[in-house]
Number of protein chains: 2
Amino acid sequence: MLIPAQLTPSERILMGPGPSTVPSRILRALGAPTLGHLDPQYLGYMDETCAMLREVFQTRNPLTFPVSGTGMAGMETLATNLLEAGDEAIICINGAFGLRMRDIVQRCGATVHALEVPWGEIFSTDMIARAVADHPRAKLLTIVHAETSTGAHQPLETISEIVHAAGMLLVVDAVTSLGGHELKVDEWQIDAIFSGTQKCLSCPPGLSPVSFSPRAVQVMESRKTKVQSWYLDVSMLRAYYTTGTGRAYHHTAPINMVYALREALRIVLEEGLDARIERHRLMHLRLRAGLEAMGLAYIPTHSLHTLNCVRVPAGIDEAAVRRRLLQEYSIEIGAGLGVFAGQAWRIGLMGHAATPRNIDLLLAALRHCLT
Amino acid sequence: MLIPAQLTPSERILMGPGPSTVPSRILRALGAPTLGHLDPQYLGYMDETCAMLREVFQTRNPLTFPVSGTGMAGMETLATNLLEAGDEAIICINGAFGLRMRDIVQRCGATVHALEVPWGEIFSTDMIARAVADHPRAKLLTIVHAETSTGAHQPLETISEIVHAAGMLLVVDAVTSLGGHELKVDEWQIDAIFSGTQKCLSCPPGLSPVSFSPRAVQVMESRKTKVQSWYLDVSMLRAYYTTGTGRAYHHTAPINMVYALREALRIVLEEGLDARIERHRLMHLRLRAGLEAMGLAYIPTHSLHTLNCVRVPAGIDEAAVRRRLLQEYSIEIGAGLGVFAGQAWRIGLMGHAATPRNIDLLLAALRHCLT
């Protein structure tokens with residue numbers, strides 16, 4: 001066969017739903033020499049990565065590590081390890097990622113009690129309280145902190161008490177909030193959480209950071225059956241990722257991706273988590289003012305700072321606008337997903353991409369494409 | 001917290017069971033600017049990657065792509081997609097990776113008929129024929145082409161006819177052979193196969209190339225139940241990885257890892273697959289002559305070229321030798337695994353690491369450490 005030419009990817013400004021633009025420091029770390037997965041040097045880097053993940057998750061959970069797959073592998077890790085066939089679960093659904101969690105939980109053989117509100121809306125504390133009262137046998141409740149499909153921002157502070165009072169675990173999807181929104185795993189008493197590297201951490205996709213509370217660990221330790229996934233079985237992953245009685249080889253970790261995540265977390269901590277979250281808030285306000293001045297309306301009532309979902313004006317070919325942004329400006333923004341397909345744009349302000357320079361350029365480019 | 005220092009991994013010579021040394025061309029490709037997973041440029045790179053994978057697997061199977069996880073994710077992809085609860089499977093076990101396949105197949109709810117020989121040995125055609133006759137209801141037979149735990153090289157040429165005559169699928173683990181040993185997926189009529197990137201392709205770990213024959217696709221299309229893993233569900237992955245009626249987003253692909261695999265495959269095709277396989281054979285002979293001259297004995301009767309498993313001489317502290325090789329020479333070789341823990345060294349000759357320079361250095365270093 002004809003061997004394809006050398007790779008020359010464009011230097012995009014990534015302002016879609018993820019991946020976000022990766023800073024060169026992280027790309028350089030990614031390309032550092034590969035070590036063996038049991039090399040003491042590598043194990044040191046891995047431990048440091050897990051320690052920094054704890055800092056960014058704001059947790060002391062020992063069981064905090066990156067799953068060797070993209071964000072959805074993290075979602076599946078939580079579901080398959082916490083649930084067994086015959087268990088019940090309350091799944092809060094207000095967008096594509098709640099729906100996905102339902103699908104995954106059903107594949108675990110668990111019974112789903114779906115709590116639904118229209119796409120773009122969020123759940124009130126009362127609704128959660130009622131759902132928990134209605135399904136007292138549920139083992140856990142899952143909720144999406146940052147719905148990447150709608151841009152809705154779900155407050156979590158008041159939920160955990162209700163869920164815990166009913167003896168359930170609180171399971172959270174934080175793919176688009178970790179490192180960009182306030183997210184306090186210990187203070188908010190979240191029992192299991194997963195995220196992705198390619199959003200507000202501005203690392204390439206390929207890993208899914210997860211964290212489990214001691215309460216969640218207890219639930220996993222009392223399982224009666226094996227986890228249906230070998231690759232994602234936390235009882236075995238623990239022996240590799242947590243120090244103590246020696247490292248047990250499970251699978252070959254994606255070494256260079258861990259280098260990149262380590263560098264991404266160093267950058268987060270250098271900036272300071274609070275400063276970074278505040279930057280995301282300010283950048284959201286800047287973008288929002290510009291978009292609304294152009295007559296564009298936000299879809300969710302409670303918008304994320306990190307993902308801005310706006311309605312496409314009537315009569316506009318949304319795909320053509322995205323194509324022009326990509327071709328003329330090398331800027332990527334996202335299309336609508338699911339219910340909002342063809343009706344929305346999703347503009348990410350995540351990590352390294354959330355800067356005044358990018359926002360002002362995007363606003364100028366959008367104005368150009370819309371007139 | 002104190003932010004860890006910048007990453008400075010040593011430039012190891014990786015001659016263990018994987019990862020193997022990654023050439024700088026691949027590390028540079030890995031660190032190229034990240035594109036979006038639906039960017040037309042990225043989709044082009046992905047299609048080229050799949051086309052080159054077909055070339056290296058020596059197959060025309062349209063359904064050939066890299067699973068977004070390390071090698072074991074590929075093993076799990078094959079098992080979970082081809083099997084349903086209640087199915088029967090014949091699992092050939094002659095080392096750690098056959099055992100692992102058994103575990104994964106059992107987690108799919110399938111009944112396992114284990115065909116076992118001692119670690120280090122291989123299966124004769126007669127044994128396969130008898131197993132197939134004994135278990136006529138089995139849906140498939142799995143076998144390890146290159147047992148990374150023992151260094152045994154299993155011939156496959158004559159097996160497929162027996163397996164197909166019985167109406168079963170032939171499922172092959174080729175983690176340590178793809179790109180280093182003769183492996184003809186179409187000619188040998190293999191129905192489903194998985195590999196890893198970090199062995200003879202000399203790419204960092206993080207992806208698992210897989211390929212499914214039309215016969216295997218038919219079996220997956222006639223499933224009565226959903227695949228228990230959402231992340232690895234090929235019925236959905238197909239819509240992203242194979243062209244045709246437009247790309248459907250499933251999960252965010254590990255973009256930069258695909259860049260690296262693409263570059264690794266370009267290097268394989270530049271060298272020429274046959275020439276590369278011949279190089280691995282010659283390097284094995286060179287290493288073997290040197291090791292045997294030192295009095296070291298190979299464990300398997302039919303040794304792989306890519307993984308050389310030798311017995312540790314009596315009275316030698318095997319871990320101390322590996323430690324010295326790492327500290328004094330920055331060379332990694334592997335320990336024994338499972339049955340051979342503490343009794344064997346596993347010396348990889350894979351891809352970029354399989355050179356006269358590395359072999360002669362390792363032999364000199366081993367001589368130094370053993371005297």
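List of remarks:
- A DSSP coil position with no more than 15 other Cβ atoms inside 10 Å describes the following trypsin sites (Lys or Arg not before Pro) in segment A:2-87: A:Arg60.
- Derived from the Cα gyration tensor, the three semi-axes of the equivalent ellipsoid of segment B:137-208 are 23, 12, 11 Å, largest first.
- Sequence of A:Asp317, B:Asp173 once ranked by neighbouring C-beta atoms within 10 Å, starting from the fewest: A:Asp317, B:Asp173
- Given chain A, longest segment not containing exposed loop GluC sites (Glu not before Pro) (DSSP; at most 13 other Cβ within 10 Å): A:188-371
- Summarising the amide proton neighbourhood of B:Glu147: residues at separation of 5 or more, or on other chains, whose placed amide H is nearer than 5 Å comprise B:Ala152, B:Gln154.
- The H on the amide N of A:Leu140, modeled in the peptide plane, is under 5 Å from the matching H of A:Ile90, A:Leu169, each at least 5 residues off or on a different chain.
- Nearest-first distances (nm) between copies at B:Ser10, label 7 Å from Cα via Cβ: 4.4
- Taking every residue in A:267-273 and counting other chain Cβ atoms within 10 Å of its Cβ, the average works out to 1.
- Loop-located trypsin sites (Lys or Arg not before Pro) in segment A:219-272 (DSSP state not H, G, I, E or B) with no more than 16 neighbouring Cβ atoms inside 10 Å: A:Arg223, A:Lys224, A:Lys226, A:Arg247.
- Contact order relative to length of chain B, as percent, for alpha carbon pairs under 8 angstrom and 6 or more apart: 25 percent
- Distance from segment B:267-322 to segment B:22-80 (C-alpha centre basis), Å: 28 Å
- Taking only the alpha carbons of segment A:2-55, we obtain Rg and Dmax values of 15.9, 48 Å in that order.
- In the calculated pair-distance distribution of segment A:258-348, the portion above 18 angstrom amounts to 56 percent of the Cα-Cα pairs.
- Computed Kirkwood radius, in angstrom, where 1/r is averaged over Cα pairs of segment A:279-318: 10.7 Å
- Residues of type lysines that B:Lys199 reaches as a straight line, Cα spacing below 23 Å, ignoring anything fewer than 8 places off in the same chain: B:Lys184
- Other protein chain Cβ atoms within 10 Å, averaged over every residue that makes up B:9-20: 5
- Cα gyration tensor shape of chain B, rounded if a/c is under 1.5, else prolate or oblate by comparing a/b with b/c: oblate
- Estimated vicinal HN-Hα couplings, Hz - segment B:147-161 in sequence order (Karplus 6.51, -1.76, 1.60; Gly, Pro = x): 7, 5, 7, 10, x, 7, 10, 8, x, 10, 3, 8, 7, 4, 4
- Take each residue of peptide B:201-208, count the partner chain Cβ atoms within 10 Å of its Cβ, and average: the result is 5.
- Each residue in B:Thr80, A:Thr355, B:Thr8, B:Thr21 was given a count of other beta-carbon atoms within 10 angstrom of its own, and listing them fewest first yields B:Thr8, A:Thr355, B:Thr21, B:Thr80.
- Cα shape, segment A:77-179, gyration tensor, a/c 1.5 rule: oblate
- Entry note, the protein assembly as shown: the mean residue ellipticity at 222 nm calculated from DSSP H runs of n ≥ 4, each adding -39500 (n - 2.57), is -12500 deg cm²/dmol after division by the residues and rounding to the nearest 500.
- Across identical copies of the chain, A:Arg323 has label-point separations of 6.4 nm, listed in ascending order, with the point defined 7 angstrom from Cα along Cα→Cβ.
- In order along segment B:12-24, phi translates into HN-Hα couplings of 6, 8, 9, 10, x, x, x, x, 9, 4, 9, x, 4 Hz, rounded to whole numbers, per the Karplus curve 6.51 cos²θ - 1.76 cosθ + 1.60 with θ = phi - 60° and x for Gly and Pro.
- Expressed per residue, the C-alpha convex hull volume of the protein assembly as shown stands at 146 Å³.
- For the rotation carrying A onto B, the chain A residue whose Cβ lies nearest the axis, with the distance in whole Å, reads A:Gly31, 2.
- Spatially proximal aspartates and glutamates relative to B:Lys226 (Cα-Cα < 12 Å; intrachain offsets below 8 disregarded): A:Asp103, B:Glu84
Values quoted throughout were computed directly from the atomic coordinates according to the rules given, and no laboratory measurement underlies them. Here the structure is a predicted model, which is why all the values come from computation and not from measurement. When we count neighbours, we look across all protein chains shown, and the Cβ atoms used for this are built from the backbone with ideal geometry, even at glycine.
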